[in-house]
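Written below as structure tokens is the structure these notes are about.
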Amino acid sequence: ASGICRWREWTIHSLNKDLGYDQFVKMQLMGDLMDDPAAMFATGFLARGADAEKDEKRSLAFAAVETATTAFLGATVGCAKCHDHMFDPIRQADYYGLKAIFDPVVIVKKTLAGPEQAALHAVAVENYERRKKALEKPLDEFLAPFKEKLQGDRIRTFPPPVQEALKTAEDKRTPEQKKLADDYAPIIRIDPPKYKEAMTAEQVRIYDGLRAPLQDLAEPVEPENFWTVREDEQLAKQKSFILDTGEPDRPKDEVGRMFHIGKDGFDVPATPCEGKRFTTGARQCFVGWMIHPQNPLFARVLVNRLWQWHFGVGLVKTPSDFGALSESPSHPELLDWLASRLVESGYSMKAINRLIVTSRTYQLSSESNAAGESVDPDNRMLWHGPVRRMDAEEIRDSVLWLAGKLDLKIGGKSFTELPDQHFVGGRTVIGNLNRETNRRPAYMVRGYNSTAEMMPNFFHVFDVDNGKLPSPVRNRSITALQA
């Protein structure tokens, strides 16, 4: 939450100042290669695709391919990860050719602290670690006999190969034993309640006394940081392959940096181009192709999303899929006209929004009639204004606004509505969050973490997905629980 919030802040400010949509996308996909300092924050879009700080599984490259193509091109390229696309002209080689473009991109953590702040934090961390180690030593010595007995009892219930692996010194284990030991490590871990069950009342008193200073020891607050990306020179020299079923350890044919949809596309030379900073040139080529005014998909996909926000349903019903399986646009000439107006306006999203909401169609009454309902019950021809329930975020904002409590502040860290038992002494213990719960839902943590459900029930009831996967079209149910 702490690192990615800078990307969210950049996104909100960019939309508010009406940054051209072509630049908006360009900065998110290749901001690390641009001279604009704010572009470092924009590449949080790519960084958030990594599943861990070191990103050993190269999740960033997979996420970049699938998110960029669905979000900005309405193309389901992700369907070609394991085989050629079943319906659209996208080969498996095209998927991995595009992935090859992003293969050299790695996640980077940067701090906003100056040299003095960084030095003070380093000293504070050193003092914290020294104090922690001093407090842990007597606790570990006290727990040693209990740990030996409790873990021994558990280990004796395991199969002989597992027992042998766990009893072998860590530096002398075979690869098979290391895997067994790692697999069983969570099972032999002893939690505090189990220790107490094996203690006398006096031993529990001593145990709690040794733990108390550790629990009160506060870790120094890390200087504010953010996640961005860079191209790694060594990774850029490595070959890229088509992967069997998407598994990194199952490479098939070698593939170059390329991208094709139908007859359009390009091949990128494998040799790095010259420049003031290292770069393969592949991302610049791909992004340039994507945002080119003559690329019909780029502008169409955006104006269709903007139309959906205002009318509830896009001119193309599936905003992230303009492929063979999608329905034809209800108004194809209108879609193309809006797309051309977007390009003519310098990719101004505000200009298109203003054009839509000042149109006669948007201002139509929502009143219906039997004759119209018999011909077009779904209102695809837009003969009356749409009637739809507000989304959960809008309902929540409305309630807070009517109570005079909605916080309209822009920017800052995320907040959570988790119950108080997840917090100790008023300090946040899950992520780097705060408790300013009257802010707008753009700042609310969603989805799940390893120990807690992060999505409020209010959002569940009003059809908000958990945030793990994109949700281009949200369900809109009407249920008794909503009342």
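The values are calculated or read from the model by the stated rules, or taken from the named source; none is laboratory data. Because the structure is a prediction, the values reported are computed rather than measured. Methodologically, a virtual Cβ is constructed for each residue, glycine included, from the backbone with ideal geometry; neighbour enumeration extends over all protein chains shown. With ligands, DNA and RNA removed, areas are computed over all heavy atoms of the protein, side chains included. Shrake-Rupley method; radii C 1.70, N 1.55, O 1.52, S 1.80 Å.
Key figures
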| read-out | value |
| --- | --- |
| Candidate set from the stretch 28-55 (those that are among the aliphatic types (A, V, I, L, M) and within 21 Å of Ile410 (Cα to Cα)); member that is most open to solvent (accessible area, probe 1.4 Å) | Met40 |
| Criterion: assigned to a helix (DSSP H, G or I), aliphatic (A, V, I, L, M) and at pLDDT 95 or above - qualifying residue of Ala71, Ala144, Ala93 | Ala71 |
| Which listed residue is open to solvent by 30 Å² or more (accessible area, probe 1.4 Å), of a type in the set (S, T, N, Q) and at pLDDT below 95, from Thr76, Thr111 | Thr111 |
| The stretch 182-211 residues that are small (Gly, Ala, Ser), paired with ones that are open to solvent by 70 Å² or more (accessible area, probe 1.4 Å) (beta carbon under 9 Å, 6 or more apart) | Ala198/Lys149 |
| Residues within the stretch 462-483 that are farther than 17 Å from Arg388 by Cβ, at pLDDT 80 or above and either outside any loop (DSSP other than H, G, I, E, B) or of a type in the set (S, T, N, Q) (or both), tallied | 2 |
| Checklist (1) loosely packed, with under 15 Cβ neighbours inside 10 Å; (2) at pLDDT below 80; (3) assigned to a strand (DSSP E or B) applied to Glu254, failing item | (2) |
| Considering residues of the stretch 205-244 that are closer than 30 Å to Ala39 by Cα and aliphatic (A, V, I, L, M) only, the residue most open to solvent (accessible area, probe 1.4 Å) | Val221 |
| Sole residue being modelled with pLDDT of 95 or more, more than 29 Å from the chain's Cα centre (by Cα) and either loosely packed, with under 14 Cβ neighbours inside 10 Å or not in a loop (DSSP other than H, G, I, E, B) (or both), chosen from Arg305, Arg354 | Arg354 |
| Val125 vs. criteria among the β-branched types (Val, Ile, Thr), closer than 30 Å to Ala218 by Cβ and either surrounded by 11 or more Cβ atoms within 10 Å (Cβ to Cβ) or in contact (Cβ under 8 Å) with a residue 12 or more places away in the chain (or both) | yes |
| Leu402 being touching a residue at least 40 places away in the same chain (Cβ under 8 Å), more than 23 Å from Asp22 (Cβ to Cβ) and exposed (fewer than 14 other Cβ atoms within 10 Å of the Cβ) | no |
| Test: Lys17 is under 24 Å from Val343 (Cβ atoms) and free of Cβ contacts under 8 Å to residues at least 60 places away in the same chain | yes |
